[in-house]
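Worksheet: the structure to be examined is printed underneath.
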Amino acid sequence: MGSTLAEKVWADHLVRRGENGAPDLIYIDLMLMHEVTSPQAFEGLRLAGRRPRHPELLIATEDHNTPTVDIDKPNPDKTSAVQLSTLERNCKEFGVRLHPLGDADQGIVHAFAPILGLTQPGMTIVCGDSHTSTHGAFGALAFGIGTSEVEHVMATQTLSLKPFRTMAVNVEGSLPEGVSAKDVILAIIAKIGTGGGQGHVIEYRGEAIRNMSMDARMTICNMSIEAGARAGMIAPDETTYEYLKGRPHAPEGEMWDRAMEYWRTLRTDDDAVFDRSVDIDATKLAPYVTWGTNPGQGLPITGAVPDPADIADEERRAATESAIRYMGLKPGMPLKDIAVDTVFIGSCTNGRIEDLRAAASVMKGHHKAKSIHRVLVVPASSRVRLQAEREGLDKVFRDFGAEWRNAGCSMCLGMNPDKLVRGERSVSTSNRNFEGRQGKGSRTHLASPVVAAATAIRGTISSPADL
């Protein structure tokens, strides 16, 4: 029997196979770090009198707590300021490379590493953040870990884990015009549920996936965790290699040739068997938007808020009633009738250059609706910000009436000054919409960059086709 992509990468990093039900020990190629989940790990090393085993395989950035305006001024939030200064002190003491606020390579932890060529096929990559699954777009086995595991990796460069199960999600056919990677992953989660991938590594396959750019593939893998999966992966191909070639940390010369020889083996064998398989017809997909309080509560934008009375399952009916009540909606209400206060374009899901170009293409020549309080456009990394400014995208956003910000997690998670107030409703290109995610009492609808841009123009949830 052949092996899946995930099984191949696991086998190539196996240090010791567990016996009698014990977990395996696997080698970790790269660990990414940020200010929120690293302080306890550094302190654990300090108390134990240990040093990182391979500090050159650790790299940190500042992203969650960072302000996205006035970055040259003192941080107005004392807690955030302490977390950032603690990371800077720890990295200096333990010899860990850091890209702090204001550095040209600073950015969201899941966004800056691919741009630098640090993320490569066949690697094992971990971070104390669930959306580490983003890096699986390159054929890496990448997943989030807890604080104690962060300390373990720092001390040993290994991790003790039981093998994951495998799932194939086959997205066949060509995507209709106006349908993006964000719509694909929202449709997948709507189909399998937020627990559908639990305990699995999802491998995304099929014509629609192969035709995607690397930015789009990262969007897909980023939200694997929202389906309950431990990781998401896409087999590397010519699109992957073209993206990596020439980047600062990509192999060069003979090392590139040797890397390519290995990378080309990183695909699921024809006779491999997945633990589960799901099929999606790409030709039938449409722009999606969430109406409820988890990413699985999404529908095509032409749909309506569900009526709990039509749901037979008691648990699902109760969950629907609760979500409708929190979101301040009415059963049967068309999604396009939902008025929005704020639009957020950014995050590790949709803050890359391709996302900004897509949003700008819709906004150009328009101005935000009078009913929209604010439109925040936040690049996922400083390099993306610089590229956008070279292309003049920042001017398009400013002319539109949007706020052009510095790189960071921003309004995705409400852990910094960019928050919604109670009852405020947003369309957001981020990845989570649970109660209070973007601020206490906030209401969040997840959507693609073009849907967010069209919504900002009309003031109600819209797609570019509605303009």
Worksheet, complete the sentence: Filtered hits (lysines, Cα-Cα < 30 Å from LYS92, offset >= 8 within chain) -> LYS73, LYS78
Worksheet item: If you put +1 on each Lys and Arg Cβ and -1 on each Asp and Glu Cβ, how big is the dipole of region 158-310 around its Cα centre, in Debye rounded to 20?
Response: 460
Practice prompt. Evaluate 2.2 N^0.38 Å with N set to the residue count of region 177-277, then give the Cα radius of gyration divided by it.
Written response: 1.19
Discussion item. How many angstrom lie between the Cα centre of region 35-69 and the Cα centre of region 293-344?
Written reply: 40
Practice prompt. Considering the options ALA286, LEU446, HIS13, tell which one lies farthest towards the positive end of the dipole of the chain, charges being +1 on Lys and Arg and -1 on Asp and Glu at the Cβ, about the Cα centre.
Written response: LEU446
Worksheet item: Where q = 0.12 Å⁻¹, what log10 of I(q)/I(0) comes from the Debye formula for region 38-164, counting one point per Cα?
Response: -0.47
Practice prompt. Select from VAL362, LEU335, TYR241 the residue farthest towards the positive end of the dipole of region 240-366; place +1 on Cβ of Lys and Arg, -1 on Cβ of Asp and Glu, and compute about the Cα centre.
Written response: VAL362
Worksheet item: Dividing the alpha-carbon radius of gyration of the chain by 2.2 N^0.38 Å (N being the number of residues), what value is obtained?
Response: 0.95
Worksheet item: With charges only on Cβ, +1 for K and R and -1 for D and E, what is the dipole size of the chain about its Cα centre, in debye, rounded to 20?
Response: 1140
Discussion item. Can you compute the charge dipole magnitude of region 1-131 about its Cα centre, using +1 on each Lys and Arg Cβ and -1 on each Asp and Glu Cβ, nothing else charged? Give it in debye, rounded to the nearest 20.
Written reply: 480
Practice prompt. Considering the options PHE94, GLY178, ALA227, tell which one lies farthest towards the positive end of the dipole of the chain, charges being +1 on Lys and Arg and -1 on Asp and Glu at the Cβ, about the Cα centre.
Written response: PHE94
Discussion item. Would you report the distance distribution of C-alpha pairs in region 289-435 as whole percents per 5 angstrom bin, up to the bin with the largest distance?
Written reply: 2, 9, 18, 20, 18, 14, 10, 6, 3, 1, 0
Discussion item. Over the Cα atoms, compute the radius of gyration (one decimal) and Dmax (the largest Cα-Cα distance, rounded to a whole number) for region 33-102, in Å.
Written reply: 12.5, 39
Practice prompt. Tell me the Kirkwood hydrodynamic radius of region 89-168 in angstroms, computed as one over the mean inverse distance between distinct C-alpha pairs.
Written response: 14.0
Discussion item. Taking the full set of protein chains and a 1.4 angstrom probe, give the accessible area of ARG374 in square angstrom, rounded to the nearest 10.
Written reply: 60
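The values are calculated or read from the model by the stated rules, or taken from the named source; none is laboratory data. On a predicted model such as this, the values are computed, not experimentally measured, just so you know. Using ideal geometry, Cβ is built from the backbone for each residue, glycine included, and neighbour counts are taken over all protein chains shown. Just so you know, the surface numbers come from the protein's heavy atoms only, side chains and all, with ligands and any DNA or RNA stripped out. Shrake-Rupley method; radii C 1.70, N 1.55, O 1.52, S 1.80 Å.
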